[in-house]
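Trainee: Dropping a structure here in C-alpha cells format, bear with me for questions.
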Amino acid sequence: MQSTKSKTKAEYYRKYRRSLNGRVSTAAYATRRRFPGSETKPTKRQLDDLLALQDAVCALTGRPFTNVEEISVDHLHPVSIIGETSINDLSNLAFARRGANSRKGKRTLAEYYALFARPVWNENERYPAYAFRGKTKADVIAYFDALAQAKGRPIPEKIEIADDLLMYEEFLSRGEFVYGSKCRFEGKKLVFEEDYTTLMWRLNEEPTEVPA
C-alpha cells in the first residue's frame with residue numbers, strides 16, 4: 001500500500017514535469033541522453049536562456065507557444081549534417097512545437113520549409129528568419145558553413161547580412177535567408193542557378209504559413 005508521503009512526492013513530480021521548469025529540465029536531459037557523444041551537454045539554465053532569447057516563439061512555425069506541453073527542443077541541423085560531436089551546440093538548438101518538430105524529423109530547414117512554401121521558379125532553397133530568432137550573425141554563418149561542408153558546396157564568401165539584422169521583429173516575422181543567383185543561356189533558354197558563394201536576405205510579402 002502506497003504511503004501518503006509517497007503519493008505526495010509522486011504527485012509533486014507529476015506536477016513538476018507538466019510545468020515550464022519541468023519541460024525545460026526534461027528537454028535538457030533528453031538532448032544529453034539522445035546524443036551522448038556531443039561535446040556540449042546542455043543544462044537547464046542554458047535552455048532557459050535560449051527560450052528567453054526566442055521570446056517563447058517556435059523556431060519552426062514563427063508563432064508563440066500557447067501552452068507548456070507544446071514545448072520541445074529541435075536541432076536546426078540534423079546529425080547527418082553536423083555530426084554527433086557538434087549536434088548539441090547551443091547555436092544548433094532551438095525551441096519548437098512538438099508537432100512541428102516531429103514533422104521536421106531529419107530534414108534540413110530548407111527541406112522542411114519547402115513542404116509548405118509556394119514554389120518560386122528561379123530558386124530552390126529558402127530559410128525562414130524566425131528559425132534563427134535569438135541567434136547571432138555568427139550563428140547564421142556557422143549554420144550555412146556546416147551545410148556547405150556537408151553538401152560539398154563552396155562556403156559563402158559574400159555575406160549580405162547586417163550585424164543587427166536579427167534584432168528587428170519585421171525581419172524575424174517576414175524575412176528569409178536565400179542564396180544569390182546567377183543565370184546563363186542554354187541555347188535560347190535562360191537558366192537560373194543558385195550561387196552558393198553569396199548569402200543574402202529578403203522580406204517575403206506573403207510569409208509561408210507553417211502548421212503547428
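Trainee: Under the rule of -39500 (n - 2.57) per DSSP H run of 4 or more residues, summed and divided by the residues of the chain, what mean residue ellipticity at 222 nm is obtained, to the nearest 500 deg cm²/dmol? Working shown, then result.
Mentor: On the way: 8 runs with 78 residues, N = 212.
Computed ellipticity for the chain at 222 nm equals -10500 deg cm²/dmol.
Trainee: Could you work out the relative contact order of the chain, using alpha carbon pairs under 8 angstrom and six or more residues apart, expressed as a whole percent?
Mentor: Dividing the mean separation by the residue count of the chain yields 18 percent.
Trainee: Counting other Cβ atoms within 10 Å, keep those with at most 11, restrict to DSSP loop, and tell me which GluC sites (Glu not before Pro) in segment 1-109 are left.
Mentor: Loop-located and lightly packed - Glu39.
Trainee: Just flag the trypsin sites (Lys or Arg not before Pro) in segment 162-212 sitting in loop per DSSP whose Cβ has no more than 10 other Cβ atoms within 10 Å.
Mentor: Lys188
Trainee: Hey, any idea what Rg/Rh is for the chain, computing Rh the Kirkwood way over Cα pairs?
Mentor: Looking at the chain, the ratio lands at 1.06.
Trainee: Taking 7 Å along the Cα-to-C-beta vector as the label spot, tell me the Glu160-Phe116 distance in nanometres, rounded to one decimal.
Mentor: 2.7 nm
Trainee: Averaged per residue, what accessible area in Å² does segment 42-191 show with a 1.4 Å probe, protein chains only? Don't jump to the answer; show the numbers that get you there.
Mentor: On the way: 7520 Å² over 150 residues.
Dividing the accessible area of segment 42-191 by its residue count gives 50 Å².
Trainee: Could you grab the relative contact order for segment 11-128? Cα pairs under 8 Å, six or more apart, rounded to a whole percent.
Mentor: Working: 143 pairs, mean separation 29.0, N = 118.
Result for segment 11-128 is 25 percent.
Trainee: With a 1.4 Å probe and all protein chains left in place, how much of the accessible area of segment 16-133 comes from carbon and sulfur atoms, in whole percent?
Mentor: Roughly 50 percent of what the probe reaches on segment 16-133 is carbon or sulfur.
Trainee: Let me ask something else. Please identify the chymotrypsin sites (Phe, Trp or Tyr not before Pro) of segment 118-180 that satisfy two criteria: DSSP loop assignment and at most 15 other Cβ atoms within 10 Å. Which are they?
Mentor: Details: sites: Trp121, Tyr130, Phe132, Tyr143, Phe144, Tyr168, Phe171, Phe177, Tyr179; in loops: Trp121, Tyr168.
Answer in residue order: Trp121, Tyr168.
Trainee: Then there's this: Using only Cα atoms, locate the centre of segment 183-210 and the centre of segment 42-83, then give the distance between them in Å, rounded to an integer.
Mentor: 29 Å
Trainee: So if I place +1 on the C-beta of Lys and Arg and -1 on the C-beta of Asp and Glu, and nothing else carries charge, what would the dipole magnitude of segment 61-212 be about its Cα centre? I want it in debye, nearest 20. Working shown, then result.
Mentor: Working: 21 positive and 24 negative charges, 98 e Å.
Taking the Cα centre of segment 61-212 as origin, the dipole is about 480 debye.
Trainee: Which aspartates and glutamates, if any, have their Cα less than 19 Å from the Cα of Lys182, not counting same-chain residues under 8 positions apart?
Mentor: Lys182 reaches Glu123, Glu125, Glu157, Glu160, Glu193, Glu194, Asp195.
Trainee: Most fluctuating residue of Ala27, Ala110, Ala150 in a GNM of the chain with Cα springs under 10 Å: which is it?
Mentor: Ala150
The values are calculated or read from the model by the stated rules, or taken from the named source; none is laboratory data. In this text, all values refer to a predicted model and were calculated from it rather than measured experimentally. Counting neighbours? That spans all protein chains shown, and the Cβs are built from the backbone with ideal geometry, glycine included. Areas reflect the complete protein model, heavy atoms only, side chains present, ligands, DNA and RNA absent. Shrake-Rupley method; radii C 1.70, N 1.55, O 1.52, S 1.80 Å.
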